[in-house]
Amino acid sequence: NAGVTQTPKFRVLKTGQSMTLLCAQDMNHEYMYWYRQDPGMGLRLIHYSVGEGTTAKGEVPDGYNVSRLKKQNFLLGLESAAPSQTSVYFCASSRLAGIENIQYFGAGTRLSVL
Amino acid sequence: AQSVTQPDIHITVSEGASLELRCNYSYGATPYLFWYVQSPGQGLQLLLKYFSGDTLVQGIKGFEAEFKRSQSSFNLRKPSVHWSDAAEYFCAVASNTGNQFYFGTGTSLTVIP
């Protein structure tokens, strides 16, 4: 019963390097989300998707890109990593929006940018 | 704009004591409210949710929360805390379209023997 799986779990990058974080869900959920978690700031929404082939910006989208080519996968890309992107990244998915928006979270990816 | 305030950054309670974690929200319409718990190194797990109806909602692990519209609050309570409840707790509000969640900054709970 995997739920939401994030890979990798840890990563260290140098400034300017690029990388892609993968989120996979096996619950056939329509909605997927990427958050970042920083000390004292809670979780902030980066991008989200309301279905295959669609993406939208959240609260802090700058410096990130996303793609949802398959319903079960939601990729988060950093084209040119910066130290300010050092954070813990969480992916979440939900079956519905509105009144039944219950989000299920992955275990997180800890990213350090040197 | 929606927002959530958790005024207590850190709380310490003794095992067996009661617990109340505060959450205040700002939202123009009827909010959808949630409490999540995060154990160290883990993702967030849903404790309970409020959409409508009875203002006292029950969740997992013996937690409950009460929605008070007049105070714009959704405080989390537990009558008797267990050592395993030590974790970070997040309150969240969702818009009526439900596409976006807004999380509070979290309250870290320490349980002492």
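The values are calculated or read from the model by the stated rules, or taken from the named source; none is laboratory data. Quantities reported herein were computed from a predicted structural model and do not represent experimental measurements. All Cβ positions, even for glycine, are placed from backbone atoms using ideal geometry, and neighbour counts span all protein chains on display. When the accessible area is computed, the model is the full protein with side chains, heavy atoms only, and any ligands, DNA or RNA have been set aside. Shrake-Rupley method; radii C 1.70, N 1.55, O 1.52, S 1.80 Å.
Report whether or not A:Arg44 is free of Cβ contacts under 8 Å to residues at least 40 places away in the same chain, assigned to a strand (DSSP E or B) and open to solvent by 20 Å² or more (accessible area, probe 1.4 Å). Working first, answer last.
Working: free of Cβ contacts under 8 Å to residues at least 40 places away in the same chain: yes; assigned to a strand (DSSP E or B): yes; open to solvent by 20 Å² or more (accessible area, probe 1.4 Å): yes.
Yes; evaluated as a whole, the condition is true for this residue.
Whether any residue in segment B:74-97 is touching a Cys at 6+ places or on another chain (Cβ under 6 Å), buried (at least 19 other Cβ atoms within 10 Å of the Cβ), in a loop (DSSP other than H, G, I, E, B) and at pLDDT 95 or above is what I want to check. The answer is no; no qualifying residue exists. Only one of the numbered conditions (1) more than 8 Å from every other protein chain (Cβ to nearest Cβ); (2) closer than 12 Å to A:Gln6 by Cβ; (3) buried (at least 22 other Cβ atoms within 10 Å of the Cβ) is violated by A:Gly106, and that is (1).
The set of residues from segment B:1-43 being open to solvent by 30 Å² or more (accessible area, probe 1.4 Å), free of Cβ contacts under 8 Å to residues at least 24 places away in the same chain and within 11 Å of chain A (Cβ to nearest Cβ) comprises B:Gly41, B:Gln42. Any residue in segment A:25-32 that is in contact with a Pro (Cβ under 6 Å, 6 or more places away or on another chain) and touching a residue at least 12 places away in the same chain (Cβ under 8 Å)? So far as segment A:25-32 goes, no, none of its residues is in contact with a Pro (Cβ under 6 Å, 6 or more places away or on another chain) and touching a residue at least 12 places away in the same chain (Cβ under 8 Å).
Could you list, in sequence order, the residues of segment B:18-46 that are among the small types (Gly, Ala, Ser) and touching a strand residue (DSSP E or B) at 6+ places or on another chain (Cβ under 8 Å)? Explain how you work it out, then say what you get.
To start, the set of residues in segment B:18-46 that are among the small types (Gly, Ala, Ser) comprises B:18, B:26, B:28-29, B:39, B:41, B:43.
Of everything in segment B:18-46, those that are among the small types (Gly, Ala, Ser) and touching a strand residue (DSSP E or B) at 6+ places or on another chain (Cβ under 8 Å) turn out to be B:Ser18, B:Ser26, B:Ser39, B:Gly43.
Going by the structure shown, is B:Glu20 under 10 Å from the mean Cα position of the chain (by Cα) and more than 23 Å from A:Leu45 (Cβ to Cβ)? Steps first, please.
On the way: under 10 Å from the mean Cα position of the chain (by Cα): yes; more than 23 Å from A:Leu45 (Cβ to Cβ): yes.
Considered against the rule, which asks whether it is under 10 Å from the mean Cα position of the chain (by Cα) and more than 23 Å from A:Leu45 (Cβ to Cβ), B:Glu20 comes out as yes.
Set side by side, the residues A:Lys70, A:Lys9, A:Lys14 differ, and just one is surrounded by fewer than 13 Cβ atoms within 10 Å (Cβ to Cβ) and either facing chain B (nearest Cβ under 10 Å) or under 28 Å from B:Pro7 (Cβ atoms) (or both), which is A:Lys9. Look at (1) more than 12 Å from chain B (Cβ to nearest Cβ); (2) at pLDDT 95 or above and you find that A:Ile46 fails only one, number (1). Residues that are over 30 Å from A:Pro8 (Cα atoms) and touching a Pro at 6+ places or on another chain (Cβ under 8 Å) number at least 2 in the following strands (runs of 3 or more DSSP E) confined to segment B:5-48: B:24-26.
Each row is one residue, and each column tells you yes or no for (1) among the polar types (S, T, N, Q); (2) touching a Gly at 6+ places or on another chain (Cβ under 9 Å); (3) part of a strand (DSSP E or B); (4) surrounded by 19 or more Cβ atoms within 10 Å (Cβ to Cβ).
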| residue | (1), (2), (3), (4) |
| --- | --- |
| A:Asn28 | yes, no, no, no |
| A:Gly40 | no, yes, no, no |
| A:Tyr48 | no, yes, yes, yes |
| A:Gly51 | no, no, no, no |
| A:Glu59 | no, no, no, no |
| A:Asp62 | no, no, no, no |
| A:Ser84 | yes, yes, no, no |
| A:Tyr89 | no, yes, yes, yes |
| A:Ser93 | yes, yes, yes, yes |
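Please go through segment B:44-65 and pick out each residue that is open to solvent by less than 60 Å² (accessible area, probe 1.4 Å) and within 14 Å of B:Asp85 (Cα to Cα).
Taking segment B:44-65 as the starting set, the residues that turn out to be open to solvent by less than 60 Å² (accessible area, probe 1.4 Å) are B:44, B:46-48, B:50-51, B:53, B:55, B:57, B:59, B:62-65.
Once the filter is applied, which keeps residues that are open to solvent by less than 60 Å² (accessible area, probe 1.4 Å) and within 14 Å of B:Asp85 (Cα to Cα), segment B:44-65 yields B:Leu44, B:Leu46, B:Leu47, B:Gly59, B:Gly62, B:Phe63, B:Glu64.
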